[in-house]
Amino acid sequence: MAVQSAFLRPGMQAFDSFPMAARQRIRGVFTDIDDTLTTEGQLTAAAYGALERLRAAGFLVVPITGRPAGWCDHIARMWPVDAVVGENGAFYFRYDAMARKLVKRFLASAEERAANRRRLEALRDRILAAVPGAALASDQLYREADLAIDFREDVPPLARADVDRIVALFEAAGATAKVSSIHVNGWFGSYDKLGMTRILLRECFATDLDAERADFVFAGDSPNDAPMFEFFPNSVGVANVADFADRMTTLPAYVTRGRCGAGFVELADALIAARMS
C-alpha cells in the first residue's frame with residue numbers, strides 16, 4: 001500500500017525519491033528491530049534474509065534497539081550483523097569471530113548499573129500501581145540498565161493518556177523515558193541510541209560518524225528513533241511510522257511503501273540494487 005501524500009510532512013518524501021547517487025554512497029545500515037524488522041511481533045524469513053543479503057553485499061549492518069542485553073548477546077553472536085546497540089544506547093555488543101569472544105561495552109560501570117536497577121525497581125512498583133493495565137515487559141529479566149513497561153506487547157493496548165502517564169512518572173523521578181512501538185523504556189542517565197552508535201563506530205570501525213553520516217542509513221518506526229531520524233540525512237521510516245507521527249518531533253527523510261519488515265526488505269533491496277548498478 002502506498003504511503004498517503006497527506007502523511008508526508010515537510011522534509012519527508014516517499015522512499016522512491018531517495019536519490020540514486022545517495023543510495024550508491026551508503027556503506028552501512030542501522031536499523032531498529034521491533035516493528036521495523038519484525039512484523040506483528042515476528043521476525044519474518046524475508047526480513048532476516050534482507051539482513052543477511054545486506055551483509056553479504058558488503059554493508060555494515062547494526063541493529064539499534066531498545067531490547068535487552070540478554071537478547072543482544074544472542075543477536076551479536078548469531079545474527080548476520082556486525083554489532084548491536086541495545087537498551088536504547090546503554091551498551092554495544094560485538095562478536096569477535098577471530099577471538100571467539102563477545103565484546104561488551106557498557107556506558108555505565110557495573111556498580112552504577114546495579115545502583116540504578118535498585119532505583120528502577122522502586123519506580124516500577126509506583127508505575128504499575130498508578131497505571132492499571134500496564135505490565136512489566138516480559139524481557140525485563142534480561143535487562144542490565146533500564147526498565148521496560150509494556151503497554152501493548154503482551155497486554156491489551158493502553159490509551160495514549162496512559163502511555164503519557166508512564167512517561168511522566170519516569171520523568172518525575174529524574175529518569176529518561178522513551179516510547180517505542182510496544183514499551184516505555186526508562187533509565188537513569190543521559191545516553192541514547194545515537195550516542196552509543198557514535199562510540200561503536202569510533203571504537204570498532206575507526207569511523208567518525210559525525211563526519212560520515214551521509215554514508216549510513218537508519219531505519220526505524222517510533223518515537224525513540226527520533227534522535228537517529230534527526231541525525232542521519234538518509235533516515236528511512238517504514239510505513240507504520242505514520243502510527244506515531246503525531247508523537248514525534250523529528251520524522252524520517254523517506255518513508256517506505258511497506259509496513260514493518262516488508263518496508264525493511266524494500267530498503268535492503270534498493271540499497272543492494274544501487275550498489276550493483
Find which of 56, 31, 66 sits farthest along the positive direction of the dipole of the range 27-74, computed with +1 on the beta-carbon of Lys and Arg, -1 on that of Asp and Glu, about the Cα centre. 56
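In deg cm²/dmol and to the nearest 500, what is the mean residue ellipticity at 222 nm of the chain if only DSSP H runs of at least 4 residues count, each as -39500 (n - 2.57), divided by the residue total?
-11000 deg cm²/dmol
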Is the range 95-180 rounded, prolate or oblate when judged by the Cα gyration tensor, a ≥ b ≥ c being the square roots of its eigenvalues, rounded requiring a/c under 1.5 and prolate requiring a/b larger than b/c? prolate
So residue 24 and residue 205, fully extended at 0.36 nm per residue minus their Cα-Cα distance, gain in nm 63.2 nm
Taking a ≥ b ≥ c as the square roots of the eigenvalues of the Cα gyration tensor, with a/c under 1.5 meaning rounded and otherwise prolate when a/b exceeds b/c and oblate if not, the chain is oblate
Ordering 204, 72 by how much accessible area each has at a 1.4 Å probe, largest first, what is the list? 204, 72
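What number, in percent, do you get for the relative contact order of the chain if the mean sequence gap of Cα pairs under 8 Å and at least 6 apart is divided by its residue count?
Numbers: 525 pairs, mean separation 68.7, N = 277.
Computed over the chain, the figure is 25 percent.
At 1.4 Å probe size, with the rest of the protein present, what percent of the exposed accessible area of the range 66-116 is carbon and sulfur atoms? Please report the intermediate quantities before stating the final value.
Numbers: 1230 of 2340 Å².
Solvent-exposed carbon and sulfur of the range 66-116 make up 53 percent of the total.
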So between residue 96 and residue 273, what do we pick up on full extension, going 0.36 nm a residue minus the alpha carbon distance? 60.8 nm
Taking loop as defined by DSSP and a crowding limit of 10 other beta carbons within 10 Å, which trypsin sites (Lys or Arg not before Pro) in the range 88-157 fit? 100
Take the chain, connect every pair of alpha-carbon atoms lying under 10 Å apart with a spring to form a Gaussian network, then pick out the residue of 222, 181, 17 with the largest mean-square fluctuation. 17
I want to check the label-to-label distance for residue 246 and residue 16. Put each point 7 Å from Cα in the C-beta direction and report it in nm to one decimal. 2.8
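The values are calculated or read from the model by the stated rules, or taken from the named source; none is laboratory data. It should be emphasised that the depicted structure is a prediction, and the values quoted were computed from it without experimental measurement. Glycine also receives a Cβ, built like all others from the backbone with ideal geometry; neighbour counts cover every protein chain displayed. Remember, those area values only see protein heavy atoms, side chains included, never the ligands or the DNA or RNA. Shrake-Rupley method; radii C 1.70, N 1.55, O 1.52, S 1.80 Å.
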